[in-house]
Amino acid sequence: MTEIHFTEEIVRTFGAELMDISPEAFRKKLSRGRHRVSHYMKGICGHVDASNPCRCTHKVRPFSDMGMLDADHLRFHRPEGVRVREVMGERIMRFEKSYYDPFLARFRDQPFYDSPDMADWLNGILKNDDFKNLFHLNQ
């Protein structure tokens, strides 16, 4: 859970800088956006709410037509399938304790280096006239 919080904090800080708003305002915009997406998906997606019919075959028809997807034989969505934890059992717990946890401890113990200001860099690109002309952003 710590890793998720850390990542969320970076997203909020960077997003706020990029949108030139306070982190609190960005957090609220992000929260509202996530709520809208969740509410929308709950109303139409059979994977999010089992009482809805699955509409994947209608949404992915172009991929299917190009031969990139076979809706009758999905490779990744298998809710009835066996979970990795069930197959790995104790081995994954031993791996986490012996290798993953010490790795995270070493990672967290290293010095924190200041990264370049990506928001300034991206804002500079977005304000560049050549970039605006390239993507017709002046209109």
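The values are calculated or read from the model by the stated rules, or taken from the named source; none is laboratory data. None of these values were measured; they are calculated from a predicted model. Every residue, glycine as well, gets a Cβ built from its backbone with ideal geometry; the counts of neighbours run over all protein chains shown.
Taking into account only those residues within the range 125-139 that are aliphatic (A, V, I, L, M) and assigned to a helix (DSSP H, G or I), which is surrounded by the fewest Cβ atoms within 10 Å (Cβ to Cβ)? If you could, list the steps in order and put the result at the bottom.
Of the residues in the range 125-139, the ones aliphatic (A, V, I, L, M) are 125-126, 134, 137.
Then drop every residue that is not assigned to a helix (DSSP H, G or I), which leaves 125-126, 134.
Working: ILE125: 11, LEU126: 12, LEU134: 9.
Top of the filtered list is LEU134.
Between a residue in the range 112-138 that is touching a residue at least 60 places away in the same chain (Cβ under 8 Å) and not assigned by TED's automatic domain parsing to the domain that holds ILE10 and any residue that is of a type in the set (Phe, Trp, Tyr) and surrounded by 10 or more Cβ atoms within 10 Å (Cβ to Cβ), which pairs come within a Cβ distance under 7 Å, given they are 6 or more apart or on different chains?
MET118/PHE14; ALA119/PHE14
For the range 86-124, what are the residues that are closer than 25 Å to VAL11 by Cα, part of a helix (DSSP H, G or I) and under 24 Å from the mean Cα position of the chain (by Cα)?
Filtering the range 86-124 for residues closer than 25 Å to VAL11 by Cα gives 100-101, 103-124.
Remaining after also requiring part of a helix (DSSP H, G or I): 100-101, 103-109, 118-124.
Hits for the range 86-124 are TYR100, ASP101, PHE103, LEU104, PHE107, ARG108, MET118, ALA119, ASP120, TRP121, LEU122, ASN123.
Evaluate the range 41-60: report whether one residue or more is at pLDDT 85 or above, assigned to a helix (DSSP H, G or I) and either within 30 Å of LYS127 (Cβ to Cβ) or touching a strand residue (DSSP E or B) at 6+ places or on another chain (Cβ under 7 Å) (or both).
Checked the range 41-60: no residue is at pLDDT 85 or above, assigned to a helix (DSSP H, G or I) and either within 30 Å of LYS127 (Cβ to Cβ) or touching a strand residue (DSSP E or B) at 6+ places or on another chain (Cβ under 7 Å) (or both).
Please find, among MET66, MET118, the residue that is hydrophobic (A, V, I, L, M, F, W, C) and closer than 30 Å to MET19 by Cα.
Values: MET66 fails: closer than 30 Å to MET19 by Cα.
Answer to the check: MET118.
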